[in-house]
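Right, one structure below, let's go through it.
Bear in mind that the values in this text are calculations on the coordinates, not laboratory data. This is a predicted model, so every value here is computed, not measured. Heads up, the Cβs are rebuilt from the backbone with ideal geometry, glycines too, and the neighbour counts pull from every protein chain shown.
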Amino acid sequence: MADSKKEVLGEQGIYDAKTLGTPKTLVLGLQHMFAMFGSTVLVPIITGLSVSATLLFAGLGTLLFHLITKRKVPAFLGSSFAFLAGYGAISGLMLAREQYATEDALMAAQAGGKLYAASQLLPYACFGVALAGLLYLVLALLFKVFGAMRVMKFFPPIVTGPIIMAIGLILSQSAINSCASNWPIALVAILAIIICNIWGKGMVKILPILIGVVASYLVAAVTGNVDFSGVAAAPWVGLPIKFQDTVFALFSSSRDAGTLFLHTIVTNADGEREVIISSMTKGGLLVTAAITIVPIAIATMMEHIGDISAISSTVNRNFIKDPGLHRTLTGDGLATAVASLFGAPANTTYGENTGVLSLTKVFDPFVIRLAAVFAILMSFCPKFSAIIEAMPSATVGGISLVLYGMISAVGVRNVVETQVDFSKSRNVIIAALILVLSIGINFSAAGSIAFSIGSANFALSGLAVGSLVGIILNAILPGKDYNFNEEAGSETGADLSGISEKELKEESDKKASK
């Protein structure tokens, strides 16, 4: 009997983990938690969001997703990197006082009202991400009412591919800046990721990010480049949520309701960088966050469809049909909205955990739910969060440099695998305008498209402008040739042909038996 189990484990799909026994099931759950861990905690490290809240809502979001999808889909929801550009666009409106503001600028800002640091603008960004999560529900409803083919024609790869490329390219500057603080430490992380991903075997191959973080962190600690004072002061047990970090704090009476004085850096005609002070009401900043960040959801929703396709292909179940994209999108969207309201990053289905499914061949969603419970338990340890937050910026930079490049590469893969025809002028124009507007506006002197409606001031990020222009042009220009196929996952960047063949064979066998 034991030999029989050994032959099955790792070779044939296991859909009921109970057959393996409790100890193995618990270990498999821990493995899934560590698979998502490296990337999930990296998002709050980069953005300044809470690590503890991130882990808590990764776990809770995963459980909510499983509830909505009838506990059928073995997916883990971790932090989404796609929204990093949105967080940076909003928090970048106010640059940290100690880094950029001149003495005269400080006096002017303090004379007119309270001076906010960049991190204090994160709840505004979270507000925009929460609305983006709700946009998932709109698309889910459209899928349910009109069907996938009618809806997806507005979001073809010629639109989503360049948007995803632009996200990675826009973020690249911050990765280089972080690496510049200590290039040797950053290179350790980069080399570790490359070695593990190319030459690694088993779990080493699917955990390159985590191994890169650990290796670079250890080198930094040994060479005296880490400040552990915050770790010693942190308690072992504590609540993962702080009210001031939530979106709800923006609407509390205790929060200053006056005008925000924003510092932005511009380059003048002489090539010198200078601080410019502008003002924006809180209402204006909320609207700015919404119109800047919500369009990013277009790319993340398409990423979600591709991820569900990949999971389906891995476990030989067509989750696009059952429980259906309307349910998976609803689960992902609600998890993102709830997490953002409480100051955690947006959630997304995690490819790392799909890799674990492929490696172990254990496809029982119950194992994923165990990983979610482990993440929730870990979120109540502030000392652990302090260790993560003490990570040197060069380590974060090294990891980010690879990850941001991979984001852009996913966009390239999206247009290549779906065979976008660039011999057509309409496709070239759409891709060109998305890329140039997204990247050009972001790195321009102004950094955004600013405009006023009445007395309210707004700012639209390059990514928002590029996304909107791409969607509108695709809708109005003639020559659309994209048709979404529920059976062909290659339409979203993943190959589901194996599932279609399997289903056809099953149908053929049924007919033959009658």
Checklist entry - So how do 336-349, 39-52 stack up, highest first, on mean other-Cβ count within 10 Å? => result 336-349, 39-52
Checklist entry - Using the per-residue mean of other Cβ atoms lying within 10 Å as a proxy for protection, in what order, highest first, do the peptides 166-177, 361-372 fall? => result 361-372, 166-177
Checklist entry - Where in segment 419-434 is the amide nitrogen less than 13 Å from a point lying 7 Å along the Cα-to-Cβ axis of LEU477? => result 421-434
Item to check | At R0 = 35 Å, FRET efficiency that the Cβ-Cβ distance of SER181 and VAL138 yields, to 0.05 | outcome: 0.25
Item to check | Highest to lowest packing among 189-199, 462-472, scored as the average C-beta count within 10 Å | outcome: 462-472, 189-199
Next on the checklist: Taking a ≥ b ≥ c as the square roots of the Cα gyration tensor eigenvalues, with a/c under 1.5 meaning rounded and otherwise prolate when a/b beats b/c, else oblate, which class fits segment 339-485?
Outcome noted: oblate
Checklist entry - How much length, in nm to one decimal, is gained on full extension between VAL27 and LYS242, taken as 0.36 nm per residue of separation minus their Cα-Cα distance? => result 74.2 nm
Item to check | Pairwise FRET efficiency - ILE194 versus ASP322, Cβ, R0 = 30 Å, nearest 0.05 | outcome: 0.15
Next on the checklist: Report, in listed order, any pair from LYS18/LYS201; LYS201/LYS321; LYS24/LYS201; LYS153/LYS361; LYS153/LYS424 with a Cα-Cα distance greater than 23 Å.
Outcome noted: LYS18/LYS201; LYS201/LYS321; LYS153/LYS361
